[in-house]
Each structure stands twice: as C-alpha cells, then as structure tokens.
C-alpha cells in the first residue's frame, strides 16, 4: 500500500494539481528530451517554469498557453531556437537561456516589456536583435560566451540597465549609445577585441563603478585619459571602501574589482 501511494502521489494528475497550487513547475535534471505536454494543462497558473539541465531541443509553440509566467529557466539544454510567439509573456521578469545552441533571437524579444534579467551566455549568437532596445526595464543583460562582433546601437534604449556582461565574444567596439545607460553600474567585456571605448562613456555613465576589460588590446593609459576618469575612479574607490567596512571582502582578488585591464593584448 505504501509503495502504491508513493507512486500515485507523483502521478500526472497529482503533478498537475501541485503545479496549479504552487505555480511552480520545476523539472531540473530529468533527462527530458521534450517539454512534457502535461505542463500546458496548468496554463495560466504557471508562474515559474524551470527545465534546467535536460536534453530539450525544441520549445513547442504551445508554451504560449503559459501566459502568466514570470520566470522561465531553460539553461543547459540543446535548444537551437526560440518560438516566434515569445512575445506573449507580458509578465515575464526573468529569462535564462544559458548553455544552449541558440544562434538567433527573435524580434519578439522586445515585446517582453517587464523583463528585468535576461541571460543567454554560452550560446552561438552572432548578433542581438535591434528590438532589445525596447526592454526599458531590463536590469541585467548577460550575453557572455557567444560569437558577437558588436552590440546593437539600440542597446541605448535599455535605460534601466545596471549590469552588462559580454565577456568572451569578438566585440571590437561599443556603440556610442551605450553612453545613454546612465544607470549602468557594472560593465564586463573580458576577452574581446576592444581597442578603445566611446569617449564619453565615463563622463555620461555617472553610476558606473566596475569596468572589466581583461584580455583586450586597450591600454591603461588610454583608459586613464578618458574624460570622466577621475570621477569614475572616485566611485570605484568609494565602493571598495564600503566593501571593506562591511567585511564583504573575502579574498585579495577583490582588490582589482572595478577596474581590470590586466594582461591586455
């Protein structure tokens, strides 16, 4: 009887009932090759869908039934493309697509007006859609470990952006519009091909505290000669002092935080 109850408790009907009750569908590490159809029965009750670390290749169009989703995590799968109806998720705040095989993002991405955190690192992206500039509420953008040669000029429209991570790409220069990101606090561009930065970056991005340009062909002298460097340096040191005062600093590696031009090519 005990064994029967245990099996029955995880029956499809019970799973659907549990998902409806909690709003959370968590199926990490299940070796799934497809999105289970029973998820779509929960439709508008789903708030979080986490399918991390499976073998899913395709996201079916039926996912549009989950119109109330706020958090969609599809990291570490084998997804090659996103559904064209992605724009239906008007409540989505977090979208994680790290560690897949995505080569292109749909223009509908720009319709996710409430998106706050978007991470698509470790994919095969060669460009970002212009519509990314429509994400005015975006706070974090992580596009590291792709094949990007540039960032779109439209990125200046992400006016709430606080953190931009674009490490390990092929970026040669940043668009001038990045100077419009007045809320930007952290900019990480390690291991790219950047020879210079927009001249007004430090002057206009008055919230900027951390810049990491490790393994780029840009010199410290170039950086120090930029207008606004002294103000940036003051912000960086102020943040560093606060970390020491609050005992946040756990290792000497933190001494370089905020300005990393070491080992530039």
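The values are calculated or read from the model by the stated rules, or taken from the named source; none is laboratory data. No experiment lies behind these values; they were computed from the predicted model shown. With ideal geometry, Cβ positions are generated from the backbone for all residues, glycine too; neighbour counts draw on all protein chains shown.
For the structure I just gave you, tell me whether residue 54 is out of contact with any helix residue (DSSP H, G or I) (no Cβ under 9 Å at 6 or more places or on another chain), more than 20 Å from residue 126 (Cα to Cα) and buried (at least 19 other Cβ atoms within 10 Å of the Cβ). Before you say what the answer is, go through the steps one by one.
Working: out of contact with any helix residue (DSSP H, G or I) (no Cβ under 9 Å at 6 or more places or on another chain): yes; more than 20 Å from residue 126 (Cα to Cα): yes; buried (at least 19 other Cβ atoms within 10 Å of the Cβ): yes.
Yes; evaluated as a whole, the condition is true for this residue.
Looking only at the stretch 171-190, count how many residues are surrounded by fewer than 21 Cβ atoms within 10 Å (Cβ to Cβ), in a loop (DSSP other than H, G, I, E, B) and under 18 Å from the mean Cα position of the chain (by Cα). Give the steps one after another, and end with the answer.
Within the stretch 171-190, the subset surrounded by fewer than 21 Cβ atoms within 10 Å (Cβ to Cβ) is 171-173, 175-177, 179-180, 182-183, 185-186, 188, 190.
If we keep only those that are in a loop (DSSP other than H, G, I, E, B) too, we end up with 171-173, 175, 182-183, 185, 190.
Those still in the list that are under 18 Å from the mean Cα position of the chain (by Cα) too: 171, 183, 185, 190.
The total comes to 4.
Which one is surrounded by the most Cβ atoms within 10 Å (Cβ to Cβ), of the residues in the stretch 70-86 that are modelled with pLDDT of 95 or more and outside any loop (DSSP other than H, G, I, E, B)?
Applying the filter and picking the extreme gives 72.
Considering only residues that are closer than 17 Å to residue 48 by Cβ and part of a helix (DSSP H, G or I), which ones fall in the stretch 87-103? Even if it seems obvious, please write down each step before you answer.
Looking only at the stretch 87-103, we keep the residues that are closer than 17 Å to residue 48 by Cβ, and these are 88-98.
88 - this is the single residue of the stretch 87-103 that is closer than 17 Å to residue 48 by Cβ and part of a helix (DSSP H, G or I).
If you check every pair at least six apart or on different chains, which have Cβ atoms under 7 Å apart with a residue in the stretch 48-60 that is at positive phi and touching a residue at least 12 places away in the same chain (Cβ under 8 Å) first and a residue that is surrounded by fewer than 16 Cβ atoms within 10 Å (Cβ to Cβ) and in a loop (DSSP other than H, G, I, E, B) second?
The qualifying pairs are 53/28; 53/29.
State whether one or more residues within the stretch 96-114 are within 20 Å of residue 25 (Cα to Cα), touching a residue at least 12 places away in the same chain (Cβ under 8 Å), in contact with a helix residue (DSSP H, G or I) (Cβ under 6 Å, 6 or more places away or on another chain) and crowded, with 20+ Cβ neighbours inside 10 Å.
Taking every residue of the stretch 96-114 in turn, none turns out to be within 20 Å of residue 25 (Cα to Cα), touching a residue at least 12 places away in the same chain (Cβ under 8 Å), in contact with a helix residue (DSSP H, G or I) (Cβ under 6 Å, 6 or more places away or on another chain) and crowded, with 20+ Cβ neighbours inside 10 Å.
Yes or no: the stretch 137-160 includes at least one residue that is within 16 Å of residue 190 (Cβ to Cβ) and either at pLDDT below 95 or in contact with a helix residue (DSSP H, G or I) (Cβ under 9 Å, 6 or more places away or on another chain) (or both).
Checked the stretch 137-160: at least one residue is within 16 Å of residue 190 (Cβ to Cβ) and either at pLDDT below 95 or in contact with a helix residue (DSSP H, G or I) (Cβ under 9 Å, 6 or more places away or on another chain) (or both).
Let's see how each residue does on (1) surrounded by 19 or more Cβ atoms within 10 Å (Cβ to Cβ); (2) in contact with a strand residue (DSSP E or B) (Cβ under 7 Å, 6 or more places away or on another chain); (3) closer than 20 Å to residue 161 by Cβ:
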site: 197; (1), (2), (3): yes, no, yes
site: 204; (1), (2), (3): no, no, yes
site: 216; (1), (2), (3): yes, no, no
site: 219; (1), (2), (3): no, no, no
site: 229; (1), (2), (3): no, no, no
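Name the residue that is nearest to residue 237 (Cα to Cα), counting only residues in the stretch 137-170 that are touching a strand residue (DSSP E or B) at 6+ places or on another chain (Cβ under 7 Å) and not in a loop (DSSP other than H, G, I, E, B).
163
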